[in-house]
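To keep things clear, I will list the structure first and then write my remarks on it.
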Amino acid sequence: MHVFVPKEMGQETRAALDPQGVKKLKVLGLEVSIEAGLGAKSDFPDAAYEAMGAVVCSSRAEALRAANVVLRINKPSHEDIALMQPGTWQLSFLDPFNEKELLQALAAAKISAVSLEMIPRTTLAQKMDVLSSQANLAGYYAVLRSATELNKVLPMMMTPAGTLQPARYFIVGVGVAGLQAIATAKRLGARVEAFDTRSVVEEQVKSLGARFVKIDLGDTGQTAQGYAQQLTPEQIQKQRDAMAKVCSQSDVVITTAKVFGRKAPTLITRAMLDVMQTGSIVIDLAVESGGNVEGSRLNEVVTLPNGVRILGIGNAEGNLPNHATQMFSSNLTNFLEHFWSKETKQVNLSPSDDFLKQCLITHNGNVVHEKFH
Ligand code: NAD
């Protein structure tokens, strides 16, 4: 089995495999090749991959034609799909809820495409969960970025010149990114409040030493996979009303509230931004899936007339490309290792496997996942 890892296109700084990942795949008996320059933006030189046994290819087209498994972060281009042989496995984010045409193209090319977003959230799959490993870094990055943007210090400082009060943080959405944001802001000495519609996270927020903002929205619940349900318009309005006061007292608001497979809800409205204090920072980590903050723009800083700044940060983890690559690579190699058989000494990606069925989207000429027929 021959694994190929192409360079990511566009602004992407991360790579799908790091040199340690090559080593791990070689132990499983796989041949590994990478496109030259794969880790250039994440500080993994070609020579480091080579030292672990990878072949460095200068022709992406040739390597794509020869591969049985292609690993990447972002969805493949139509040009790349045309180069892959029927029967090739391809693992990447696919954004399957919004990319119907891409799924059809993958099916038509007889590619077996695994959507990393669809990896189930079970204990077994935790080590393969790229959404979690990347969100964790995103939450960390958001706090550090806010700390450098803010015109204040984060911890309380008692000095002969007087006492500085700790900065006040409000984290909206306490999933993986939100929890890491709370932990990081607390470590830096900020005073942290947080809210999530899933009331089960209240204990987690408290255990990190932050305050959980209680808003009674009635029935909210969560899916079997642990994701938030979509709220009704009335519930969203109630949430906005209750959050307005907390926002007005916060130096930094970080929003991470996503709804799996759907557009993110707008939770911070212009009216709420207008009553925030001059110099406050709002970071929207959901900006790529629609945004939680009214007026946030992808990878731009929007300064409002009252001096509040909104940072819409897409791919926040991409600002820490070395560690993000390390985590991503580890998730993917764990995935392949999961299907390695001791008996045959081979990776056997069987489409009938119960776990694989949940994230395999196209196979043998068809869109096989029931959610995307
Ligand atoms: P996510 O990225 O889909 O959403 C981020 C957070 O936003 C979630 O906590 C969600 O509840 C919250 N949110 C959605 N709408 C909101 C609203 N209107 N207001 C406030 N908050 C809102 O979620 P995620 O970080 O990927 O993870 C969600 C949950 O899944 C977490 O509890 C996590 O611990 C759990 N999880 C479990 C596993 C596992 O068991 N293997 C793996 C990963 C995550």
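The values are calculated or read from the model by the stated rules, or taken from the named source; none is laboratory data. Predicted model, so just to flag it, every value in this text is computed and none were measured. Every residue, glycine as well, gets a Cβ built from its backbone with ideal geometry; the counts of neighbours run over all protein chains shown.
Summary of computed values
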| quantity | calculated |
| --- | --- |
| Among the residues listed as Leu217, Leu179, Leu231, Leu154, the single one being part of a helix (DSSP H, G or I) and in the same structural domain as Thr255 (by TED's automatic domain parsing) | Leu179 |
| Residue, farthest from the ligand (Cβ to nearest atom), within segment 236-259, restricted to residues that are under 26 Å from the mean Cα position of the chain (by Cα) and part of a helix (DSSP H, G or I) | Cys247 |
| Residue in segment 325-338 that is within 16 Å of the ligand (Cβ to nearest atom), in a loop (DSSP other than H, G, I, E, B) and either acidic (Asp, Glu) or modelled with pLDDT of 95 or more (or both) present | no |
| Only one of Arg187, Arg168, Arg211, Arg145 that is surrounded by fewer than 19 Cβ atoms within 10 Å (Cβ to Cβ), within 18 Å of Ile268 (Cβ to Cβ) and away from the ligand (no atom under 13 Å from the Cβ) | Arg145 |
| Any hit, segment 225-237, residues being surrounded by fewer than 18 Cβ atoms within 10 Å (Cβ to Cβ) and modelled with pLDDT of 95 or more | no |
| Tally of residues being acidic (Asp, Glu) and touching a residue at least 12 places away in the same chain (Cβ under 8 Å) across segment 308-344 | 2 |
| Residue count for segment 50-66, restricted to those that are within 27 Å of His78 (Cβ to Cβ) and assigned to a helix (DSSP H, G or I) | 7 |
| Test for Glu193: is it away from the ligand (no atom under 11 Å from the Cβ) and in a helix (DSSP H, G or I) | no |
| Given (1) surrounded by fewer than 16 Cβ atoms within 10 Å (Cβ to Cβ); (2) in contact (Cβ under 8 Å) with a residue 12 or more places away in the chain; (3) touching a helix residue (DSSP H, G or I) at 6+ places or on another chain (Cβ under 7 Å), number of the condition Asn364 does not satisfy | (3) |
| Hey, Arg145 of a type in the set (D, E, K, R), within 27 Å of Glu193 (Cβ to Cβ) and assigned to a helix (DSSP H, G or I) or not | yes |
| For Lys7: the one exception among (1) in contact with a strand residue (DSSP E or B) (Cβ under 6 Å, 6 or more places away or on another chain); (2) without any contact (Cβ under 8 Å) to a residue 24 or more places away in the chain; (3) not hydrophobic (A, V, I, L, M, F, W, C) | (2) |
